[in-house]
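I have a structure here, written as structure tokens, and I will follow up with some questions on it.
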Amino acid sequence: MTQYEKVVLSAYTGILMCDVDLVNKYITKILGRPVFTHELNSEAIWEEIREKSKEDFMAVVAPKEDENQFNQYLARLSDISRNVSHENLVEVQKVQADILNSYTDRKLSGMEKASLYTASTIIMSNIRKALQPKTWRELDYKGFHGKYQYSEEDDTFVGVVTEGTTDSLYFSGVNIYEVESSFRSLIDDYIAMREALRQKGEDHGTEADQSSTT
């Protein structure tokens, strides 16, 4: 990896991979103004740095011949970041798992692992924000109704069961597939729990049960 590539990756990920003065000079250049140390405590300034350095970052991670493990991961992340989709939200999570496995197998250094993981986390967060529903999404399963939406505060999808029971039931997931699967699993477990309570004579039924008997 060249010195310039280390500078760009350091600026984009926030993980220092080279001389800090070189990174500061690069940040000053892309922002068009000097950045003081205290400003680097602000997430807003890092978002600006990532936005300004994104084009250089994409050029650095473009596929190259005779790639080593590190560059192969950069290429995968580059491909993922070019297409915002729920499939790629799942794919970037797979990349993160592979990165950790490669580090465990000593195919990546600690600095390389930290840089790749930070870059993948940034990409995953950007995809989630781009995919977040503008309104609640509705779900129906086995007579139960639920809804969910993206929570920017928690950086995940959160939902609640709104019909079918008077109990408070909540579910969540890091992507659209996981949150919908979580809803179905929650309902299956809830029905099984009610059945066990019913056999003990302790279940008072759900809205769906009550409406069907009236």
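For the pair Glu138 and Arg198, how long in nm is the line joining their label points, each one 7 Å along Cα→Cβ?
So the label points at Glu138 and Arg198 sit 2.6 nm apart.
Taking a ≥ b ≥ c as the square roots of the eigenvalues of the Cα gyration tensor of region 137-212, is the shape rounded (a/c under 1.5), prolate (a/b larger than b/c) or oblate?
prolate
At what distance in angstrom do the alpha carbon centres of region 167-191 and region 42-105 lie from each other?
Computed from Cα coordinates, the inter-centre distance equals 30 Å.
Over 29 Å between Cα atoms, which of Lys94/Lys142; Lys113/Lys147; Lys94/Lys129 qualify?
Lys94/Lys142; Lys113/Lys147
Using only alpha carbon pairs under 8 Å that are at least six residues apart, calculate the relative contact order of the chain and give it in whole percent.
13
What percentage of all Cα-Cα pairs in the chain are separated by more than 23 Å?
Percentage above 23 Å: 58.
Across every pair of different alpha-carbon atoms, what Kirkwood hydrodynamic radius in Å does region 68-127 reach? Kindly include the intermediate steps, with their values, before the conclusion.
Numbers: mean 1/r = 0.0886 Å⁻¹.
By the Kirkwood definition, the hydrodynamic radius is 11.3 Å.
Once the piece of chain linking Lys107 and Val84 is laid out straight, how much longer is it, given 0.36 nm per residue of separation minus the C-alpha distance between them?
Length gained between Lys107 and Val84: 5.4 nm.
Spin-label point model (7 Å from Cα, Cβ direction): what's the Gln72 to Ser181 distance in nm?
Distance between label points: 2.5 nm.
In percent, what relative contact order does region 1-60 have, based on Cα pairs under 8 Å that are 6 or more apart in sequence?
38
Right, something else. The chain: longest stretch without exposed GluC sites (Glu not before Pro) (DSSP loop, at most 14 other Cβ within 10 Å), sites themselves excluded? Present the calculation step by step, with values, prior to reporting the outcome.
On the way: sites that count: Glu65, Glu67, Glu152, Glu153, Glu202.
Formally, the longest exposed-site-free interval is 68-151.
Turning to a different aspect of this structure: Out of every Cα pair in region 11-85, what percent are spaced more than 15 Å from each other? Please list the in-between numbers first.
Values: 1687 of 2775 pairs.
It works out to 61 percent of all Cα pairs.
Need the list of lysines near Lys25 for cross-linking: C-alpha distance under 22 angstrom, and skip anything on the same chain fewer than eight residues off.
Lys6, Lys52, Lys54
Every read-out reported here was derived from the displayed coordinates using simple, explicitly stated rules and does not represent laboratory data. What you see is a predicted model; the values in this text were computed from it and never measured. Neighbour counts are summed over all protein chains in view; Cβ atoms, including those assigned to glycine, are modelled from backbone coordinates with ideal geometry.
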